[in-house]
Structure formats: C-alpha cells, structure tokens
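Accompanying notes for the structure given below.
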Amino acid sequence: MIQVGGDRDQLLYVEDLKTLETYARQADTDQLLDLLREIEMTEQRATRHLNLHMALETILLRLRDAVTAAPVPLPT
C-alpha cells in the first residue's frame, strides 16, 4: 500500500512506518503481485489435500525475495 500510494489509514503496524517505507522502496511490485496471486490460489487449494506447510514456506521465501535487493534462490 505504501509503494502504490494507498490509504495509510489501512496500514497495520503504523508505528513501524519508517521500516515499512524502506521495504516499500526496494520491493518489486511485479513479484509482490505474483505472490498475491499465489496466496489466493493456495487459499483456494487449501480445501484439497495440499501440503500447506510447504506452500506457506514457499510463499514466505518469495515474499522475502520481493522485498530484498538481492533475491536468494529457492531450494529445489
């Protein structure tokens, strides 16, 4: 929300705004949007037999990569 100029009244953890702004400056918007789509798909698949732990771990690793300057390769 910070990166795209969204309503700051909707932010959680406003007390950490400076940190959030730092992450927003270096975050990759396309990666974040892809990640959001993946989260939505994972949510839809959660009703089936999905390894939820593995799915969440992958999502968190991708989130880390989206907000850091040098992405770390995912394990294969």
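The values are calculated or read from the model by the stated rules, or taken from the named source; none is laboratory data. Model, not experiment: these values are computed from the prediction. Glycine gets a Cβ as well: all are built from the backbone with ideal geometry, and neighbour counts include every protein chain shown. Only protein heavy atoms, including side chains, enter the accessible area calculation; ligands, DNA and RNA are left aside. Shrake-Rupley method; radii C 1.70, N 1.55, O 1.52, S 1.80 Å.
Inspect the stretch 36-45 for any residue being under 23 Å from G5 (Cβ atoms), among the hydroxyl-bearing types (S, T, Y), open to solvent by less than 70 Å² (accessible area, probe 1.4 Å) and modelled with pLDDT under 85 and give the result as yes or no.
no
In the stretch 1-35, what residues are of a type in the set (D, E), without any contact (Cβ under 8 Å) to a residue 24 or more places away in the chain and assigned to a loop (DSSP other than H, G, I, E, B)?
D7
Collect the residues in the stretch 1-31 that are among the charged types (D, E, K, R) and within 26 Å of T58 (Cβ to Cβ), keeping them in residue-number order. Please lay out each step first, then the result.
Start the filter on the stretch 1-31 by keeping residues that are among the charged types (D, E, K, R), which leaves 7-9, 15-16, 18, 21, 25, 28, 30.
Across the stretch 1-31, the qualifying residues are D16, R25, D28, D30.
I want to confirm something. Restricting to the stretch 1-16 and keeping residues that are among the hydrophobic types (A, V, I, L, M, F, W, C) and closer than 18 Å to R64 by Cα, which single residue is most open to solvent (accessible area, probe 1.4 Å)?
From the stretch 1-16, those among the hydrophobic types (A, V, I, L, M, F, W, C) are 1-2, 4, 11-12, 14; that's our starting set.
Filter again for closer than 18 Å to R64 by Cα, leaving 1-2.
On the way: M1: 106, I2: 32 Å².
That would be M1.
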